[in-house]
Structure formats: C-alpha cells, structure tokens
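The values are calculated or read from the model by the stated rules, or taken from the named source; none is laboratory data. Fair warning: this is a prediction, and the values are worked out from it, not measured in the lab. Every residue, glycine among them, receives a Cβ derived from its backbone with ideal geometry; neighbour counts consider all protein chains shown.
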Amino acid sequence: MKRIKAAAVVTAALAGVAVATAPAQAHGAYVDISRNGCTYTGYSNHSYAYTEKESGSCAGHAWLRVRANNVISSWYHDPNWVLFIAASGTSVQVSDHKSCADCSYKNIRH
C-alpha cells in the first residue's frame, strides 16, 4: 500500500513539473448531442476534431465540419465516427458537430 501511495505522489509531482515546464498545450473541449435516443460526442483541439456516436440505434450519422487556417471544410460523416486531423502547419479554429444531415450543429471555438 505504501508503494502505491508513494508512486501516486511521485507521479503527481512529476506531472506538475511537466505541466509547469512544458510549452503551452492546445486546449480541447467537448460537446454532447442527443437525438431520437442516440447520444453523440464531439471533441476538438488545435490538432484534431472528431464526432462519435456513443450509443443508440437511430439512423443518424456522426457529422463533422472544421475551419482550419480560415478554410471551412465540407461536412464529413460516418455511421459511427468521423475524424479530422489538421495538416502540419495548420490549426483547427472551429469544429461543428451534428447528428444528421438536416440537424442543427454545436460548435467548439479555439
């Protein structure tokens, strides 16, 4: 038990040092979407974004659109999960997440 506690303290201390000395990290954020008994999660940070169908058997897809370096993408969709990875030298500025083609969307701004 003492080893576990000591390991937790060392890990927490090292994590604090890493956070204190690491360069600024891209912040990330989540949005939750519920529709017709299905739940979806959207996430993005400066490097990537995704929308995922978490549960339910509705017909809706996971939909995603991003703005990276002031260029807005087309909508991407998949029955379960869709991912966008920013190319080297670009940054995700806004991500839009929705659960069907004609549904409204929720966005995350960076």
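A few comments on the model shown:
- Flag: Gly89 does not match the condition of being touching a Cys at 6+ places or on another chain (Cβ under 7 Å) and either at pLDDT below 95 or more than 20 Å from Ser34 (Cβ to Cβ) (or both).
- So Gly42, is it within 22 Å of the chain's Cα centre (by Cα), modelled with pLDDT under 95 and surrounded by 17 or more Cβ atoms within 10 Å (Cβ to Cβ): no
- Scan of the stretch 78-99 for residues that are of a type outside the set (Asp, Glu) and surrounded by 18 or more Cβ atoms within 10 Å (Cβ to Cβ), ordered by number: Val82, Phe84, Ala86, Val92, Gln93, Ser95, His97, Lys98, Ser99
- Pairs with Cβ under 8 Å, 6+ apart, first in the stretch 64-77 and over 16 Å from Tyr43 (Cβ atoms), second at pLDDT below 95 and assigned to a strand (DSSP E or B): none
- With respect to being at pLDDT 95 or above and over 18 Å from Asp32 (Cβ atoms), Val66 fits the description.
- Per-region count, the stretch 79-106, residues touching a strand residue (DSSP E or B) at 6+ places or on another chain (Cβ under 9 Å) and assigned to a loop (DSSP other than H, G, I, E, B): 12
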